[in-house]
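Novice: Have a look at the structure that comes next, please.
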Amino acid sequence: MMTREDCAALDAADPLASLRARFDLPDGVIYLDGNSLGACPRAALERVRQVVADEWGFDLIRSWNQAGWFQMPLRLGDMLAPLIGAVAGEVAVTDSTSVNLFKVLAAALQMQATTARRTIVSERANFPSDLYIAEGLTAWLDRGYRLRLVDSPEELPAAIDADTAVVMLTHVNYRSGYLHDMAALTAHAHAQGALTIWDLAHSAGALEVDLHAAKADFAVGCTYKYFNGGPGAPAFIWVPQRHQHAFSQPLAGWWAHAAPFAMAPGFTAGDGIRRALCGTQPVVSLALVECGLTIFGETDMRRIRHKSLALSDLFIQLIDACPAQHGLTVATPRQAERRGSHVSVAHADGQAVMRALIARNVIGDFRAPQLMRFGFTPLYTRFVDVWDAVDILKNILDDAAYDVDHGVPPSSTEVT
């Protein structure tokens, strides 16, 4: 069994260890919720000061051009592209994940409009907002579309059939941490004539994603988790070059226009990924996204994934070593190829236990009815953090040092 000294030795040999200093982490806190909100890069505060005091405060409206504000969504998209297996000109950082999902789903359904396909396949355990977007869009279109939900990944191949227009999945399930085989499911969907949309919210920045190798059709994702872009940071949208000419979405705002400053009354879509934009962009938030993305330039996704698996392997090993009477059950796949970068642990009093952990400065989160989620962010999570977190968890369970308050409304540890 690993000791804390063993974990300290792993940290000393960790090639990513120096990157922890790039984040402003509070002393005495073990932060295992980067899968919900990434830590704050140290560069963020100065970048905000620069944007607000210098670019906005002094240069005023001139900064749209001389500070490069206008090009930020596409420039940041090019920075992010290699981290998800995309190429320059295919990614824009803009809007929210839900809004971007609306765009790509509308585009995919439009591309399938001349067929008789009327089914969108997803998982019942998909992130609810994704399902709400699909329900809302299809009801508004009123063309006979239906949303077919499966209850397990094993049911997906059979559910994707000749009536399927779009397969809409989150690459890593937000609850269980289950990692789908993107390439295999995309190939199966294409064989049935369906298009694929992948939500990368819980995989981008945490593991190797190769959208082109998988031959995916569209993807969206957020930047406030593993990319450390800040709370509510703009999301990203990916449209591969092969689909850009056919890409059409109903949120055709002026930033997507071929000549936005011509102020013409009619819409003409811009070239390439620009047509995925909508309205005026949130410059300060975009500037913070760059602070997070810049750190990724100091490493590569292979090293990040290697450490992510090592951290979660250690966590699972330590949870397994807890006494049976603690009632802990690992709910995330144990196979490395089937899990993302967070591990969910079930406990009958999971919400109360998580509150006790947070009170002792071990920050994870909770998903009803029983799941405690622990995220492992390789850029700043240490092996000793994992050891200490489980040690504190064991102490809480040994002493039954938590208060069960049934019927309590969801807490702030249940966001995203």
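Novice: Can you say whether V386 is under 21 Å from S36 (Cα atoms) and over 19 Å from the mean Cα position of the chain (by Cα), as far as the supplied structure shows?
Specialist: Yes; evaluated as a whole, the condition is true for this residue.
Novice: Next up: Quick check, is L76 in a helix (DSSP H, G or I), within 15 Å of F227 (Cβ to Cβ) and in contact (Cβ under 8 Å) with a residue 24 or more places away in the chain? Outline the logic, then answer.
Specialist: Working: in a helix (DSSP H, G or I): yes; within 15 Å of F227 (Cβ to Cβ): yes; in contact (Cβ under 8 Å) with a residue 24 or more places away in the chain: yes.
Against the criterion (in a helix (DSSP H, G or I), within 15 Å of F227 (Cβ to Cβ) and in contact (Cβ under 8 Å) with a residue 24 or more places away in the chain), L76 qualifies.
Novice: Is it the case, given these coordinates, that V99 is modelled with pLDDT of 95 or more, of a type in the set (V, I, T), open to solvent by 30 Å² or more (accessible area, probe 1.4 Å) and closer than 23 Å to I237 by Cβ?
Specialist: So V99 fits the description; yes.
Novice: Can you spot a residue in the stretch 373-380 that is within 16 Å of G177 (Cα to Cα) and of a type in the set (A, V, I, L, M, F, W, C)?
Specialist: Yes, there is a match, as at least one residue in the stretch 373-380 is within 16 Å of G177 (Cα to Cα) and of a type in the set (A, V, I, L, M, F, W, C).
Novice: Hey, could you check the stretch 102-149 for residues that are among the charged types (D, E, K, R) and buried (at least 19 other Cβ atoms within 10 Å of the Cβ) and say which is nearest to L80 (Cα to Cα)?
Specialist: Within the stretch 102-149, the match that is nearest to L80 (Cα to Cα) is K103.
Novice: I would also like to ask the following. Among the residues of the stretch 150-171, are any exposed (fewer than 15 other Cβ atoms within 10 Å of the Cβ) and of a type in the set (S, T, Y)?
Specialist: Yes, the conditions are met somewhere in the stretch 150-171.
Novice: Can you tell me which residue within the stretch 56-69, out of those that are without any contact (Cβ under 8 Å) to a residue 24 or more places away in the chain and within 30 Å of L200 (Cβ to Cβ), is surrounded by the fewest Cβ atoms within 10 Å (Cβ to Cβ)?
Specialist: Within the stretch 56-69, the match that is surrounded by the fewest Cβ atoms within 10 Å (Cβ to Cβ) is G68.
Novice: With the requirement that a residue be crowded, with 22+ Cβ neighbours inside 10 Å and out of contact with any His (no Cβ under 9 Å at 6 or more places or on another chain), what does the stretch 324-349 give you?
Specialist: R339, V343, S344, V345
Novice: On the given criteria, is R62 more than 18 Å from E290 (Cβ to Cβ) and either in contact with a Ser or Thr (Cβ under 9 Å, 6 or more places away or on another chain) or not in a loop (DSSP other than H, G, I, E, B) (or both)?
Specialist: Yes: the conditions hold for R62.
Novice: Of all residues in the stretch 183-207 being of a type outside the set (S, T, N, Q) and assigned to a strand (DSSP E or B), which is nearest to L37 (Cα to Cα)?
Specialist: Among those residues, the one meeting the criterion is D199.
Novice: Check the stretch 28-40 and report whether any residue there is open to solvent by less than 60 Å² (accessible area, probe 1.4 Å), at negative phi and assigned to a helix (DSSP H, G or I).
Specialist: Looking for residues that are open to solvent by less than 60 Å² (accessible area, probe 1.4 Å), at negative phi and assigned to a helix (DSSP H, G or I), one finds none in the stretch 28-40, hence no.
Novice: Here are A287, A246: which of them is of a type in the set (A, V, I, L, M) and not in a helix (DSSP H, G or I)?
Specialist: Exactly one of A287, A246 is of a type in the set (A, V, I, L, M) and not in a helix (DSSP H, G or I), namely A246.
Novice: Can I ask one more? Out of T299, T294, which single residue is in a loop (DSSP other than H, G, I, E, B) and of a type in the set (V, I, T)?
Specialist: T299
Novice: Here are some conditions: (1) part of a helix (DSSP H, G or I); (2) within 21 Å of the chain's Cα centre (by Cα). E46 meets all but one. Which one does it not meet?
Specialist: It is condition (2) that E46 fails.
Novice: Next up: Restricting attention to the stretch 70-96, which residues are polar (S, T, N, Q) and crowded, with 20+ Cβ neighbours inside 10 Å?
Specialist: Scanning the stretch 70-96 gives a single hit, T94.
Novice: With (1) in contact with a Ser or Thr (Cβ under 6 Å, 6 or more places away or on another chain); (2) surrounded by fewer than 21 Cβ atoms within 10 Å (Cβ to Cβ); (3) not polar (S, T, N, Q) as the list, and R49 as the residue in question, which single condition is left unmet?
Specialist: Going through the list (1) in contact with a Ser or Thr (Cβ under 6 Å, 6 or more places away or on another chain); (2) surrounded by fewer than 21 Cβ atoms within 10 Å (Cβ to Cβ); (3) not polar (S, T, N, Q), R49 breaks only (1).
Novice: Same structure again: Any idea how many residues of the stretch 248-299 are open to solvent by 60 Å² or more (accessible area, probe 1.4 Å), without any contact (Cβ under 8 Å) to a residue 40 or more places away in the chain and not small (G, A, S)?
Specialist: Adding up the residues that qualify gives 8.
The values are calculated or read from the model by the stated rules, or taken from the named source; none is laboratory data. Being a predicted model, the structure only gives us computed values, none of them experimental. Don't worry about glycine lacking a Cβ; one is built from the backbone with ideal geometry, like all the others, and counts go over all protein chains shown. Ligands, DNA and RNA are excluded from the accessible area calculation, which covers all protein heavy atoms including side chains. Shrake-Rupley method; radii C 1.70, N 1.55, O 1.52, S 1.80 Å.
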